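Novice: Submitted below is the structure of interest, expressed as structure tokens.
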């Protein structure tokens, strides 16, 4: 491999290592950035190891990074120097990486690099720590750390650090001509030569400190050349290859003869520029680091927000899941979006049906019409009671459905939500109540009728003459009976009215059929007063969704009222037309009776309000009939009103909307 | 009285029967009674009344069934239904079988009488 490539690989290794150390400090260990950077470190280590068994990494005393004897220069990459503090923490001589190293060993190594000094100190032997972390392809050569003067670093040789400081002190004296005795000078020479020999033998170079010490010795030596010659001999004798020794000494001579310390290779202008660039890059790095930290903080924030939202969603999901009411949501195309367990049970559909169009899954027509009808009034909630026959024909369920449109935040219809309530039990109870009411009604009225008739017969003297006193008291009885009857009728009718607050049971119906039925029911009654009862239904009447029983009640009531209030030989006309413009069907009952005064006209639909002669003993009703009519018509989302003038007959009109 | 008009009164309530038949008798009609649909049919055959007042809700056989059966052998005789409630749906059924009116128990007997008279009048006219 070309030298330049090797240099590049080494630089890359350190660069990647530094990057990784920074990232692992900021990001959680599982973060993809961290994973990637570890991979890079590993890859560059492998590249260096190519064809080699191992490579080693040393930090020089002047904090230069040396890999396999080659110093990595800052020129290649500014950040490699940032590796130094991490390495220094170790207090070791060198680290060796051998082939067979794995990614996880790299990861552990990096983690150790970022641990606190205390952790490292506690571990004691670094290699022991490596072993604990299953690192077998990285070895550290430990320093023996000896106490030295504060601020000064000991020389890199086992067992000989302190002496170098003493030597330096003596050289200082030597340079100042304080050492005069030849034996002393010889001693100094011996020591310095010994030092140089040792270092040169081991590393084939001289570290800056030692070199400077030697130079100092030579420079201030009165016998330079001989000293150098003696040095040469000493080195060769020590075992250093003569060629290299020669080269070394030549270099030293050269350096010594140079008057000034080697000129800086960088001109001051370049240096200034480099410094500016460096400062700029440092500043950028700071900014980036800040960004990274901010980013990490933002991520934390998002994580928190996410957790909060998830737990809220969870809460709502729980509610929807557990509530007793069924909930079904379909989109505007009729596809099922959501169904909760209660709805599943009621409709016999499952979560697997989500996404399918509802008409594939739900067979009941009534339920399906719910999804088709999106009302133009978007705030409206449409309520319907729907009967479902269960799987075995004997079980019947009645569901109360409430549907409303779902809009997005722009107000567009995106679907429909329907709530389902099983009201079978409720209906049963209502049925029982109704039945009870009917029974009570009958049971109350029957005895009253019998009493009334008995009293009336006696009073009419058909049973024979009665005394004045008997007359008087029987009249009292009769009057109170009337009061009682009226009261009971009112109470029973009121119960009926309250009961009619139940939701309608709509069916597709032809209104003309209902009109015919009602007219036929009342025709003979009309005939007894010789009243002509006719009807006309326009042919283009669409069929409507309405509750036929209730509408019959309305027709019977209106036509019945017309008959009551129309004298002999009058006529009553029932008409039904389709008003396309308004989108309604309009039904009117016109009579030729006495008409309704304007003051009554506004109030006749009120509960208990009775128009006409209040003193009449004719029990015309309780004033609730029209209130019931209004209730029913309005439940169908229609309107009812009356038009009349006193003496000119009356016209009662109600409309029923046409559903799409 | 000569040419007394015979009324068949059918109702399951004894008290009501007593009262109404007294009233009708006091107005000059002759009255025979029955307390359920089955009896009513027997009486109708046996007594050949000019008009029948019939309650709808009766045990054994109710008014509607009795009316159906009656119409099988007698399409002629006018029948006035007696009803306890104002919105009796059964009354509607009875309509289809041809009746001449509905008398609501709560009303005055006088009204019942008018119904009767009108029905007879109409019937006579139809016969002509």
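Novice: Which ones in the range A:528-542 are touching a helix residue (DSSP H, G or I) at 6+ places or on another chain (Cβ under 8 Å) and part of a loop (DSSP other than H, G, I, E, B)?
Specialist: Listed by number, the residues that qualify are A:529, A:531, A:541.
Novice: Can you say whether residue A:81 is within 24 Å of residue A:62 (Cα to Cα) and either in contact (Cβ under 8 Å) with a residue 24 or more places away in the chain or in a helix (DSSP H, G or I) (or both), as far as the supplied structure shows?
Specialist: Taking the combined requirement at face value, the residue satisfies it.
Novice: Identify, from the list A:317, A:270, A:331, A:286, the residue that is out of contact with any helix residue (DSSP H, G or I) (no Cβ under 7 Å at 6 or more places or on another chain) and exposed (fewer than 11 other Cβ atoms within 10 Å of the Cβ).
Specialist: Values: A:317 fails: exposed (fewer than 11 other Cβ atoms within 10 Å of the Cβ); A:270 fails: exposed (fewer than 11 other Cβ atoms within 10 Å of the Cβ); A:331 fails: exposed (fewer than 11 other Cβ atoms within 10 Å of the Cβ).
Going through A:317, A:270, A:331, A:286 in turn, the sole match is A:286.
Novice: Does residue A:129 satisfy being farther than 25 Å from residue A:285 by Cβ, crowded, with 16+ Cβ neighbours inside 10 Å, in contact with a helix residue (DSSP H, G or I) (Cβ under 9 Å, 6 or more places away or on another chain) and modelled with pLDDT under 80?
Specialist: Numbers: farther than 25 Å from residue A:285 by Cβ: yes; crowded, with 16+ Cβ neighbours inside 10 Å: yes; in contact with a helix residue (DSSP H, G or I) (Cβ under 9 Å, 6 or more places away or on another chain): yes; modelled with pLDDT under 80: no.
Answer is no for this residue.
Novice: Identify all residues within the range A:561-582 that are within 14 Å of another protein chain (Cβ to nearest Cβ), part of a helix (DSSP H, G or I) and modelled with pLDDT of 85 or more; write none if there are none.
Specialist: Here is the first cut: in the range A:561-582, the residues within 14 Å of another protein chain (Cβ to nearest Cβ) are A:561, A:563-564, A:567-569.
From what's left, part of a helix (DSSP H, G or I): A:561, A:563-564.
Once the filter is applied, which keeps residues that are within 14 Å of another protein chain (Cβ to nearest Cβ), part of a helix (DSSP H, G or I) and modelled with pLDDT of 85 or more, the range A:561-582 yields A:561, A:563.
Novice: Right, residue A:200: surrounded by 11 or more Cβ atoms within 10 Å (Cβ to Cβ) and at pLDDT 80 or above or not?
Specialist: Details: surrounded by 11 or more Cβ atoms within 10 Å (Cβ to Cβ): yes; at pLDDT 80 or above: yes.
Yes, satisfied.
Novice: Being closer than 18 Å to residue A:637 by Cβ, surrounded by 20 or more Cβ atoms within 10 Å (Cβ to Cβ) and more than 12 Å from chain B (Cβ to nearest Cβ) is true for just one of A:587, A:554. Which residue is that?
Specialist: Working: A:554 fails: more than 12 Å from chain B (Cβ to nearest Cβ).
Step by step, each of A:587, A:554 is checked, and only A:587 is closer than 18 Å to residue A:637 by Cβ, surrounded by 20 or more Cβ atoms within 10 Å (Cβ to Cβ) and more than 12 Å from chain B (Cβ to nearest Cβ).
Novice: Mind counting the residues in the range A:518-532 that are more than 7 Å from every other protein chain (Cβ to nearest Cβ) and closer than 17 Å to residue A:553 by Cβ?
Specialist: So the answer is 3.
Novice: With respect to the numbered conditions (1) in a helix (DSSP H, G or I); (2) within 13 Å of chain A (Cβ to nearest Cβ), which one is the sole condition not fulfilled by residue B:81?
Specialist: With (1) in a helix (DSSP H, G or I); (2) within 13 Å of chain A (Cβ to nearest Cβ) applied to residue B:81, the lone miss is (1).
Novice: Identify the single condition in (1) surrounded by fewer than 16 Cβ atoms within 10 Å (Cβ to Cβ); (2) under 19 Å from residue A:333 (Cα atoms); (3) at pLDDT 85 or above that residue A:412 does not satisfy, given that it satisfies every other one.
Specialist: Residue A:412 satisfies all of (1) surrounded by fewer than 16 Cβ atoms within 10 Å (Cβ to Cβ); (2) under 19 Å from residue A:333 (Cα atoms); (3) at pLDDT 85 or above except (3).
Novice: For the condition closer than 30 Å to residue A:451 by Cα and in a helix (DSSP H, G or I), what is the one hit in A:523, A:549, A:480?
Specialist: A:480
Novice: Would the range B:13-22 turn up any residue that is touching a helix residue (DSSP H, G or I) at 6+ places or on another chain (Cβ under 8 Å) and more than 10 Å from chain A (Cβ to nearest Cβ)?
Specialist: no
Novice: Further, regarding this structure: Return the pair list, or none, for Cβ contacts closer than 7 Å from residues in the range A:51-69 that are on the phi > 0 side of the Ramachandran plot to residues that are surrounded by fewer than 19 Cβ atoms within 10 Å (Cβ to Cβ), at least 6 apart or on different chains.
Specialist: A:63/A:84; A:68/A:56
The values are calculated or read from the model by the stated rules, or taken from the named source; none is laboratory data. All figures in this text were calculated on a predicted structure; none of them were measured in a lab. Don't worry about glycine lacking a Cβ; one is built from the backbone with ideal geometry, like all the others, and counts go over all protein chains shown.
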